[in-house]
Structures are given as C-alpha cells and as structure tokens.
Amino acid sequence: MITINKPIKIPDHDIFKNDLLDRKGTIEDLSNLIVSDIQPFVFSVNADWGAGKTTFIKLWQAHLKESYKVKSIYFSAWEDDFTSDPLIAILGELKAYIEENHNELKNNFEDVKKTGGKIIRNSLPLILKGVAGKVIGDETVAKMVSDFVENSTTALIDNYQKEKTTLEKFKNSIAKILKKIDKGQPFIVFIDELDRCRPLYAIECLERIKHIFGIKRLIFVLSIDKKNLAKSIQSQYGNIDTNNYLRRFIDLEFDLKNPSIDKFCDVLCQKFELNNILENKEISTNGVNEGYGYLFAMKTFAASFKLSLRQVEQIFTKLRIIFRVIQHRIFFEHFLVLALFESLKSYDNNLYLGLINGKEEDKKTIKALIVTIKDEELQDRGLEMFETRISAIIDATTLSDDQLNDLIKQKEEELSTIGDENSREYSKFYNYIKFLKRSFDKYDTYRYNQITKTVINKIDFADRFNLDERPLHK
C-alpha cells in the first residue's frame with residue numbers, strides 16, 4: 001500500500017521520542033504560558049506548508065496531558081468541513097470527549113445540545129446561502145433568503161431577547177461542564193488545518209469561536225498557514241487587510257520556526273521510509289563508498305537550488321513513488337540522477353527542459369548552481385568528488401553513445417595539456433573523465449547518458465501524479 005503521509009507515533013511515557021524537528025523546547029515554553037490562565041483565549045500557531053504543524057499540535061496536546069493533566073480535544077477542520085456549521089463539529093468532538101472521559105456529565109451535555117441546536121437554527125439562512133449559492137446561483141438564493149428574512153423580521157426583533165438568553169444559557173451550560181472537568185485549569189480545543197477548509201467554513205469557524213465560545217476556562221489553539229488562510233478570506237471579502245481581519249478573532253499569534261532543510265530531509269527520509277525502499281531495491285545507500293550517500297545528495301540539491309519545504313517534500317514523494325515501481329538491482333546513479341532532475345524541475349522547469357534538450361548554456365548554469373562547500377573549507381575529497389560526478393552526469397545527459405565517446409575523447413585531449421599530474425586540477429579532470437567512461441552493466445554500454453534517458457521516462461511517469469494541493473507532511 002502506498003502511504004503518502006504517516007502520522008507521528010507518540011509513546012505515552014516518552015512523548016518526544018519521535019520529535020525529529022526538535023520541538024520539545026518550544027512546546028515546553030508555550031505550555032508554561034497557556035496553562036497559567038483560565039480566561040477565554042484564542043491562540044494561533046502559524047507555519048508554512050509542510051513545516052509539521054499537525055505533528056507540533058499533537059505533541060503539544062500530549063505534553064499538556066502528561067505534564068499538566070490538561071484536558072483537551074483535537075479535530076481537523078479540513079476533515080470536518082462537510083458539516084454545515086463548525087459549531088456542529090466542535091460540539092460533536094466535545095460530546096465524544098465527555099462520553100469517553102466524563103460519562104457522569106452526559107446529562108449536563110443535553111443542555112448544551114438543546115441551546116446549541118437553537119443557535120444553529122438561527123444561522124440557517126446564512127448557511128443556506130453559502131451552500132446553495134454554488135448549486136442554484138447566488139441571485140436565486142439571495143431572493144430566497146431575502147423573502148425568508150422579510151417574512152420573519154418582525155419575529156426576529158421580537159425574539160431578540162430570547163436569542164440573547166439562549167446564547168447565555170449555551171455559554172453557562174458549557175462553563176458548568178468545564179468547571180466540573182477541572183476548575184483550576186483551562187480546557188483546550190486544538191483546531192488543525194483551518195486554512196485548508198472551504199473559505200466560508202473557515203470564516204464561519206472563526207466567527208463561532210470568537211462570538212459564541214467566549215467562555216471561561218475554554219482556550220482555542222488554531223494551527224494555520226496564515227498565507228493560505230488569507231487567500232480564503234480574500235476569496236470572500238476581496239482585497240481586504242487580512243492581518244487586521246484575523247486580529248478580530250485571534251488574541252495571540254505564534255510563528256513556528258521552519259526546520260532547516262537538512263533537518264527536514266532527515267525527517268522525510270524517516271517518515272517515507274526511503275532507506276528501506278532503496279535497500280529493498282538493492283540500491284547502495286553509501287554513494288558507492290565515495291564519501292556521500294543519497295541523503296547527502298538530496299540535501300545538497302535542496303540547498304543548491306534553494307528549494308522550499310513544500311518543494312522538497314514533493315520531491316521525496318515522487319522518489320518514493322518511482323522507487324516503489326521500478327525493478328530491483330538498479331544503481332545508486334539512478335537515485336542520484338532522479339534527485340538531481342526532480343530538484344532542478346522544482347527550481348526552474350525551463351532549465352530542466354534545456355538540460356534534457358542538450359542546451360550547453362543551460363548545462364553550464366546548472367553546474368554553477370551545484371555548490372556543496374567552498375574550496376578553502378573543503379576537508380573531505382568525497383565532497384569534491386560529488387561535484388565532479390554531478391558535472392559528468394549533466395554533460396552526459398541524453399547524449400548518444402557516439403556523442404558521449406566524442407566528448408570523452410575531447411576531454412582526454414584537454415587533460416593531456418595539464419602538465420602536473422599531481423595537481424588538484426589534473427586529479428579533478430581525471431576523475432571527471434572516469435565518471436564519463438563508467439559503465440554500469442557487464443556489456444560496458446550502460447553509461448550516464450543511458451541512465452539519464454531512463455530517469456527522464458520515470459520522471460514523466462511521476463509527473464502524472466498531482467501533488468500540488470496535497471499537504472504530505474503534517
């Protein structure tokens with residue numbers, strides 16, 4: 001089975017065992033902040049796509065439970081946005097928590113359900129407009145809602161005080177339950193993936209949290225990609241100042257630091273079990289004992305091309321897909337070329353197209369981008385060997401066998417003009433030619449030019465998977 005994303009495992013008595021992004025310190029600091037108050041509060045954790053917000057939230061929830069005995073619920077707004085009103089989802093999660101952990105409060109929750117139901121019914125015209133507008137047209141729906149409102153305006157005015165009383169009863173009924181659960185500490189509602197919801201649902205969720213759930217002991221923690229959430233808001237309200245808009249609902253924001261590319265690659269390698277996949281295909285994970293491995297290669301390409309976390313994750317996902325379908329006993333070079341080409345495509349698809357179409361200027365540009373470490377800092381010849389090998393791969397890309405032989409002959413003639421055979425220049429040039437000549441089959445015909453052609457076909461296959469809108473790492 002192909003599993004794109006596997007949730008983190010959190011052992012009960014060793015919560016941070018799988019904390020690969022080193023979030024423990026941040027979680028401990030935020031915990032000290034959030035457990036010190038029982039006033040109603042809305043807190044947001046902001047991070048880019050792919051930065052591990054879901055993992056962070058679940059680790060935080062587990063830490064609060066173990067270290068502070070803080071009660072909480074978690075739900076994914078994106079998974080629950082099939083409901084007509086976020087209030088339904090929030091109350092549903094609260095009901096499930098009470099039934100599992102405080103069954104003695106089950107009867108108390110009946111009051112919450114009754115008053116909550118009235119609040120939801122009062123919101124029906126807006127909900128109908130948001131849902132039906134996509135089906136029968138906004139103008140038709142607007143007239144339906146207008147007729148509804150006109151016919152019931154008098155009743156709404158007359159019932160204003162009743163609705164206000166209903167809201168107070170709703171808040172009081174929840175407040176009583178929270179006090180019985182733990183009168184000394186807050187109850188926390190973690191809401192994840194709000195930025196991935198339908199725009200109307202995300203906005204309604206913010207409205208519900210701020211205006212209905214302003215209840216003592218109740219704290220909301222929202223996990224969001226603020227940039228994506230801003231797009232959802234602007235899709236409904238136009239080009240408004242989304243920062244000011246969100247300040248209406250969120251009391252305090254915290255920006256979760258993005259992991260380094262190196263650390264992120266380590267996490268993805270483990271999460272996608274890439275090492276096991278390569279070993280199962282009998283691919284060496286040691287870079288053919290030349291001082292570097294596949295993880296080093298991926299980190300180098302990500303850094304050289306300045307890829308985002310999202311781009312890196314999509315590359316790992318494509319590598320996982322490709323290496324699950326190709327035959328056994330392929331070579332480390334296949335991985336190396338795949339990682340290089342996929343990274344290049346993410347960086348600049350036109351450069352990639354130039355490479356596979358043999359444009360010399362594009363080849364020079366690409367080689368200039370692959371820089372692992374400055375010469376004066378070079379301590380391991382394996383790093384320099386890596387760059388030399390990549391240069392050979394780039395120059396050999398899609399050449400015919402005759403063209404590759406001509407290139408080798410040309411480079412050998414250039415090598416002969418270097419007088420000092422003990423010089424670093426000679427050694428580097430010699431190794432470059434050796435890589436061009438290297439064959440990977442018993443017939444001495446399968447060289448880098450053939451490997452690149454194989455890889456290009458596999459990349460064409462992987463490109464048919466639409467990964468643009470799917471968050472892979474949580």
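Points worth noting:
- The simple Förster model, with R0 at 35 Å and r as the Cβ-Cβ distance, assigns N103 and D29 a FRET efficiency of 0.50.
- For the peptides 187-196, 169-178, the ranking by packing is 187-196, 169-178, with the highest mean count of neighbouring Cβ atoms within 10 Å listed first.
- Once both labels are positioned 7 Å from their Cα atoms along Cα-to-Cβ, the gap between Q270 and K9 label points is 1.2 nm.
- Distance between the pseudo-spin-label points of D37 and R121 (7 Å out from Cα toward the beta carbon): 3.7 nm.
- Cβ charges +1 (Lys, Arg) and -1 (Asp, Glu), total dipole of region 261-462, debye: 780
- Projected label distance in nm at S423 and I88, using a 7 Å step from Cα toward the beta-carbon: 7.7
No value in this document is a laboratory result; all are computed from the given coordinates. It should be emphasised that the depicted structure is a prediction, and the values quoted were computed from it without experimental measurement. All Cβ positions, glycine included, derive from the backbone under ideal geometry; neighbour counts span all protein chains shown.
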